[in-house]
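Scroll down for the structure; my scribbles are underneath it.
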Amino acid sequence: MTLIYSGNGLNSNSAPAVREDMEAAVKTIIEGLGEDVEREGLQRTPHRVAKMFTELTAGYHTDPVALINDAIFTVDYNEMVLVRDIEFSSLCEHHMLPFWGKAHVAYIPNGKVIGLSKIPRIVDMFAKRLQVQERLTREVADFVAEAIGASGVAVVVHGAHMCSMIRGVKKANARMVTQSLQGVFKTDPQIRAEFMGHITANYSDE
């Protein structure tokens, strides 16, 4: 069993410049709320909001090939590799409100392994988009499986969603859990149980 790493995802690519049409759209929203966009506290708000959304959706501008092409290595190893407790944040595509949590990503190598820091970066690449948690979970699993030809990949994501915390049902303590199991994680109960045991041991929802 490879050493389990806990950490935050990082995006190495620079976000694009803020678009003026995004600023104009934010200004329209503010005016639609009945506010005076020229008052002191709101004058720079369209720029700040446009800049924020540009940063939070930087995953659209990340080159997946450049992200991993220097970090796939040939290694004679066929035991589980697990990176757990990867913190992430994303935007719900339905209301553009944040959701956040932790992702746990495991794979069984088939002659190739991927550099440790790349898995959190992969999570961030897909999280920094307009998302739903179900798709985010599957996209991470599919990408890792294809990138290294793994014998199996497992991804579990725990998420808290502001769209259900501050609006709608207003359930502040509700958490969503999604999973994508591929290859031997889907077909071998023992490997699946080992993975689940590692990610639930000492797990606390923060």
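The values are calculated or read from the model by the stated rules, or taken from the named source; none is laboratory data. This structure is a prediction, so every number in the text was calculated from the model and none was measured. Cβ atoms come from the backbone with ideal geometry, glycine included; neighbour counts cover every protein chain shown. Just so you know, the surface numbers come from the protein's heavy atoms only, side chains and all, with ligands and any DNA or RNA stripped out. Shrake-Rupley method; radii C 1.70, N 1.55, O 1.52, S 1.80 Å.
Are there any pairs, at least 6 apart or on different chains, whose C-beta atoms fall under 9 Å, with the first in segment 124-137 and in contact (Cβ under 8 Å) with a residue 24 or more places away in the chain and the second open to solvent by 50 Å² or more (accessible area, probe 1.4 Å) and aromatic (Phe, Trp, Tyr), and if so, which?
127/100; 128/60; 129/60; 130/60
Conditions tested, residue by residue: (1) within 30 Å of residue 196 (Cα to Cα); (2) among the charged types (D, E, K, R); (3) at pLDDT 95 or above.
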{"site": "3", "(1), (2), (3)": "yes, no, no"}
{"site": "16", "(1), (2), (3)": "no, no, no"}
{"site": "28", "(1), (2), (3)": "no, no, yes"}
{"site": "34", "(1), (2), (3)": "no, no, yes"}
{"site": "42", "(1), (2), (3)": "no, no, yes"}
{"site": "69", "(1), (2), (3)": "yes, no, no"}
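Only residues that are within 17 Å of residue 105 (Cβ to Cβ) and either free of Cβ contacts under 8 Å to residues at least 12 places away in the same chain or crowded, with 16+ Cβ neighbours inside 10 Å (or both): list them for segment 177-193, please. Even if it seems obvious, please write down each step before you answer.
In the first step, residues of segment 177-193 are kept if they are within 17 Å of residue 105 (Cβ to Cβ); the result is 177-186, 191-192.
Of everything in segment 177-193, those that are within 17 Å of residue 105 (Cβ to Cβ) and either free of Cβ contacts under 8 Å to residues at least 12 places away in the same chain or crowded, with 16+ Cβ neighbours inside 10 Å (or both) turn out to be 178, 179, 180, 181, 182, 183, 184, 185, 191, 192.
Which condition number in (1) open to solvent by 30 Å² or more (accessible area, probe 1.4 Å); (2) closer than 26 Å to residue 57 by Cβ is the one that residue 144 fails?
Evaluating residue 144 over (1) open to solvent by 30 Å² or more (accessible area, probe 1.4 Å); (2) closer than 26 Å to residue 57 by Cβ leaves (1) as the failure.
Report, by residue number, each residue of segment 164-176 that is open to solvent by 90 Å² or more (accessible area, probe 1.4 Å), without any contact (Cβ under 8 Å) to a residue 40 or more places away in the chain and not polar (S, T, N, Q).
Within segment 164-176, the subset open to solvent by 90 Å² or more (accessible area, probe 1.4 Å) is 166-167, 169-171, 173, 175.
Checking the rest, the ones that are also without any contact (Cβ under 8 Å) to a residue 40 or more places away in the chain come to 169-171, 173.
Hits for segment 164-176 are 169, 170, 171.
Of the numbered conditions (1) under 19 Å from the mean Cα position of the chain (by Cα); (2) modelled with pLDDT of 95 or more; (3) surrounded by 15 or more Cβ atoms within 10 Å (Cβ to Cβ), residue 80 fails exactly one; give the number of that condition.
Among (1) under 19 Å from the mean Cα position of the chain (by Cα); (2) modelled with pLDDT of 95 or more; (3) surrounded by 15 or more Cβ atoms within 10 Å (Cβ to Cβ), residue 80 violates only (1).
Go through (1) open to solvent by 50 Å² or more (accessible area, probe 1.4 Å); (2) farther than 13 Å from residue 157 by Cα for residue 100 and report which single condition fails.
Unmet for residue 100, out of (1) open to solvent by 50 Å² or more (accessible area, probe 1.4 Å); (2) farther than 13 Å from residue 157 by Cα: (2).
Does residue 101 satisfy the condition of being on the phi > 0 side of the Ramachandran plot and in contact (Cβ under 8 Å) with a residue 24 or more places away in the chain? Working first, answer last.
Numbers: on the phi > 0 side of the Ramachandran plot: yes; in contact (Cβ under 8 Å) with a residue 24 or more places away in the chain: yes.
In short, yes.
For the structure I just gave you, tell me whether residue 137 is within 18 Å of the chain's Cα centre (by Cα) and either modelled with pLDDT of 95 or more or open to solvent by 60 Å² or more (accessible area, probe 1.4 Å) (or both). Give the derivation first.
On the way: within 18 Å of the chain's Cα centre (by Cα): yes; either modelled with pLDDT of 95 or more or open to solvent by 60 Å² or more (accessible area, probe 1.4 Å) (or both): yes.
So residue 137 fits the description; yes.
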